[in-house]
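The values are calculated or read from the model by the stated rules, or taken from the named source; none is laboratory data. The structure presented is a predicted model; accordingly, all values stated were derived computationally and were not measured. Note that each Cβ is placed from the backbone with ideal geometry, even for glycine, and that neighbours are counted across all protein chains shown. Remember, those area values only see protein heavy atoms, side chains included, never the ligands or the DNA or RNA. Shrake-Rupley method; radii C 1.70, N 1.55, O 1.52, S 1.80 Å.
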Amino acid sequence: MKIFKRKHELTTEQKRLDVNLWIIALVSMLVYSIYAVIGSNLSSFFKDSSISVWPRLLISAAMEYGIAGLGITLVCLLRRESFASYGLKKENALKAIAGAVISFLPLILFKFVSGQFEGYEPLSVMVTTDLHKAGIISTIIGTLIIGLVWGFFEGFNYAVIAEIVSRRHPSESKFFDWGVLVAAIMGIMFHPIHFDALGIIDFIVTFIALYGMLIIRKRTGNSWGCVFAFIFIWNAF
């Protein structure tokens, strides 16, 4: 029995990684639960053009950051780890970006072929139209906030979660990775799913985009592809 126990005893590093994942999960679920309870009221608030664009943008950004960003930030602060340790570095950045774009090509093509393409609008959220009406300074500052929250942190959030799960459950395969799979499934869960023919195709190409982007991140060791994809592709169509 002692031998059996030792075989299944977690190492200090495994325990540390488990705690990291729990921090990210609990923070994200807490904020998402708040949004689930008052989401309809918040949506009405965000869309109300009679209210100044700034409180709508900042509250919306706070909710988004709470779901995808706050957890990984707390982990990095707690562990005294830099964002660079999770792939935000110069080495292989162009390869990572190119790989991410290629991974999203089936999704982009599907949008065109299925007639869902309504224009290319990077960094477009519910308040973007009103933000553009608020003047050039507001547009610049607001767009930077949108890029930081919905682009940088949302994309990097997937990269960090994939990396932590991969460290916890390592895989030697070049094309399969537990962290990549978990993060890709997470992305699908926050993506509208329809169970008709087009909905199933959309599900498949979206999974290919996320999984491809994240497996490229693993192969290159660089997370800038994830950030690029969420700034210029994911929130643009």
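One table, with the values for the structure above:
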{"read-out": "DSSP-assigned coil residues among trypsin sites (Lys or Arg not before Pro) in segment 144-182, each with at most 10 further Cβ atoms within 10 Å", "value": "Lys174"}
{"read-out": "Average Cα contact separation per residue, the chain, under 8 Å, 6 or more apart, as relative contact order %", "value": "31"}
{"read-out": "Alpha carbon convex hull of the chain, projected area averaged over orientations, nm²", "value": "15.9"}
{"read-out": "Sorted peptide list for 102-112, 187-197, criterion being average Cβ within 10 angstrom, highest first", "value": "102-112, 187-197"}
{"read-out": "Residue pairs, from the table Lys47/Lys111; Lys95/Lys133; Lys95/Lys174; Lys89/Lys133, whose Cα atoms sit over 27 Å apart", "value": "Lys95/Lys133; Lys89/Lys133"}
{"read-out": "Among 206-217, 40-51, the order from most to least packed when residues are scored by Cβ within 10 Å on average", "value": "206-217, 40-51"}
{"read-out": "Ordering of 62-71, 20-29, 218-227, 82-91 by burial proxy (mean other Cβ atoms within 10 Å per residue, highest first)", "value": "218-227, 62-71, 20-29, 82-91"}
{"read-out": "Equivalent ellipsoid, segment 107-197 (semi-axes from 5 times Cα gyration tensor eigenvalues, Å)", "value": "32, 21, 10"}
{"read-out": "Value at 222 nm in deg cm²/dmol, rounded to 500, when DSSP H runs of n ≥ 4 in the chain each add -39,500 (n - 2.57)", "value": "-22000 deg cm²/dmol"}
{"read-out": "GNM top mover of Leu94, Leu198, Leu148 - the chain, alpha-carbon springs below 10 Å", "value": "Leu198"}
{"read-out": "Cα-based helix-to-principal-axis angle, 93-113 vs the chain, degrees rounded to 10", "value": "60"}
{"read-out": "Kirkwood Rh, angstrom, segment 168-234 [1 / mean 1/r, Cα pairs]", "value": "12.7"}
{"read-out": "Nearest-ten-degree value, helix 197-220 long axis tilted from longest Cα axis of the chain", "value": "60"}
{"read-out": "Radius ratio Rg over Rh of segment 61-173, counting only Cα atoms, Kirkwood formula for Rh", "value": "1.02"}
{"read-out": "Ranking by accessible area, most exposed first, for Phe230, Phe176 with a 1.4 Å probe", "value": "Phe176, Phe230"}
{"read-out": "Carbon plus sulfur fraction of accessible area for the chain, probe 1.4 Å, in percent", "value": "69"}
{"read-out": "Cα gyration tensor, segment 1-121 - rounded (a/c under 1.5), prolate or oblate", "value": "oblate"}
{"read-out": "Nitroxide proxy distance, nm - points 7 Å out along Cα→Cβ at Leu74 and Arg167", "value": "1.8"}
{"read-out": "Label point at Asp196 placed 7 Å out along Cα→Cβ; residues across segment 102-121 whose backbone nitrogen lies under 18 Å", "value": "110-118"}
{"read-out": "Efficiency of FRET between Asp48 and Thr139 - r from beta-carbon atoms, R0 25 angstrom, step 0.05", "value": "0.85"}
{"read-out": "Alpha carbon centroid spacing (whole Å) that separates segment 30-56 from segment 138-203", "value": "23"}
